[in-house]
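A quick write-up on the structure given underneath.
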Amino acid sequence: MSNKKNIIISGGSGKLGSYLKKLDNSIIAPTRAQMDILDQAAIDRFFSRHNPEIFIHCAAMTGPIQCDNDPVAAMHSNIAGTCNIVAACYKYKTRLIYISTDYVFRGDKGNYAEEDELYPQNLYAWSKLGGECAARMYADSLVIRTSFSPDIFPYDKAFVDQYTSRDSLKIIAPLILKLAKIKNVIGVIHVGTKRKTVKELALKLGKKDIKDLRRCEVPFAAPYDTSFNLKKLNKILKK
């Protein structure tokens with residue numbers, strides 16, 4: 001009989017990782033010193049010690065400007081690091097949950113289904129798509145495309161001309177954890193809520209004095225509409 005029971009996450013100090021740990025205090029979240037995703041031997045040692053049932057891969061370089069400024073670091077973190085995690089999941093027969101982004105789409109029409117054409121619009125999104133490719137090489141994996149905000153909107157301005165299915169971590173994180181624990185959910189799934197502008201999201205999260213921002217005002221490619229078709233998510237959650 002298998003003694004697998006642990007859930008391990010990478011990126012435990014990040015926004016999503018920190019929230020997941022609050023939801024389930026049994027989650028193991030190694031520091032970089034304990035398990036560097038760029039060090040295959042360190043990953044192997046950690047997997048061997050804990051024999052995880054589920055691995056939620058949150059660790060990533062997530063800033064579009066940061067990725068534009070250092071694409072090599074983005075490749076290492078988001079593509080090579082993911083390949084290392086996938087290899088360990090193969091070896092230890094661990095279910096893999098890979099956290100991806102809505103930015104893998106062209107962003108010109110919205111209502112994107114899981115099977116729609118992918119065309120990343122910035123280097124961050126290309127690097128995350130590279131991670132998706134690695135995850136899809138492993139049968140027992142689930143790619144979760146999502147977008148989230150802290151429960152309190154962190155900026156003074158928000159896009160009035162960008163549409164999204166993004167929502168607060170209070171909404172998104174529990175959905176991710178629930179999907180991670182459903183063993184027969186594999187492949188790709190979109191996690192979010194109904195289409196809205198980023199400013200509408202900010203107002204929903206209580207940011208009353210939010211100012212307008214337009215996509216042409218930022219120094220990176222910001223797609224117009226990356227909202228999700230959520231039929232697959234809603235069907236699974238109703239079961």
field: Residue check for PHE55: at pLDDT 95 or above, hydrophobic (A, V, I, L, M, F, W, C) and in contact with a Cys (Cβ under 7 Å, 6 or more places away or on another chain)
entry: yes
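Per-residue answers, yes or no, for (1) under 26 Å from LYS157 (Cα atoms); (2) modelled with pLDDT of 95 or more; (3) not hydroxyl-bearing (Ser, Thr, Tyr):
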{"site": "VAL188", "(1), (2), (3)": "no, yes, yes"}
{"site": "LEU205", "(1), (2), (3)": "yes, yes, yes"}
{"site": "LYS211", "(1), (2), (3)": "yes, yes, yes"}
{"site": "VAL218", "(1), (2), (3)": "yes, no, yes"}
{"site": "TYR224", "(1), (2), (3)": "yes, yes, no"}
{"site": "SER227", "(1), (2), (3)": "yes, yes, no"}
{"site": "LYS238", "(1), (2), (3)": "no, no, yes"}
The correct count of residues that are more than 25 Å from ASP70 (Cα to Cα) and assigned to a helix (DSSP H, G or I) in the stretch 94-146 is 1
Margin query: When you check ASP225 against the structure, is it closer than 19 Å to LEU118 by Cβ, among the charged types (D, E, K, R) and out of contact with any Cys (no Cβ under 9 Å at 6 or more places or on another chain), yes or no?
Written below: yes
Review point. Can you find a residue in the stretch 128-146 that is among the small types (Gly, Ala, Ser) and touching a Pro at 6+ places or on another chain (Cβ under 7 Å)?
Key: no
Pairs returned, first residue in the stretch 212-236 that is in contact (Cβ under 8 Å) with a residue 60 or more places away in the chain and within 17 Å of GLN121 (Cβ to Cβ), second residue that is among the hydrophobic types (A, V, I, L, M, F, W, C) and surrounded by 15 or more Cβ atoms within 10 Å (Cβ to Cβ), beta-carbon separation under 8 angstrom, 6 or more apart or interchain, are ALA222/PHE159; PRO223/PHE105; THR226/PHE105; PHE228/VAL191
The stretch 1-93: helices (runs of 4 or more DSSP H) wholly inside it with 2 or more residues that are crowded, with 20+ Cβ neighbours inside 10 Å and not polar (S, T, N, Q) are 15-23, 40-50, 64-69, 81-92
Just one listed residue, out of LEU38, LEU16, LEU23, is on the phi < 0 side of the Ramachandran plot and touching a strand residue (DSSP E or B) at 6+ places or on another chain (Cβ under 7 Å), and it is LEU16
When LYS15 is run through (1) in contact with a Ser or Thr (Cβ under 8 Å, 6 or more places away or on another chain); (2) closer than 21 Å to ILE144 by Cβ, the failure sits at (1)
When the stretch 98-113 is checked residue by residue, the ones that are farther than 16 Å from THR197 by Cβ and among the polar types (S, T, N, Q) are SER100, THR101
Per the filter on the stretch 152-181, residues surrounded by 15 or more Cβ atoms within 10 Å (Cβ to Cβ) and among the acidic types (Asp, Glu) are ASP161, ASP167
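The values are calculated or read from the model by the stated rules, or taken from the named source; none is laboratory data. What you see is a predicted model; the values in this text were computed from it and never measured. Here the Cβ is made from the backbone with ideal geometry for all residues, glycine too, and neighbour counts use every protein chain on show.
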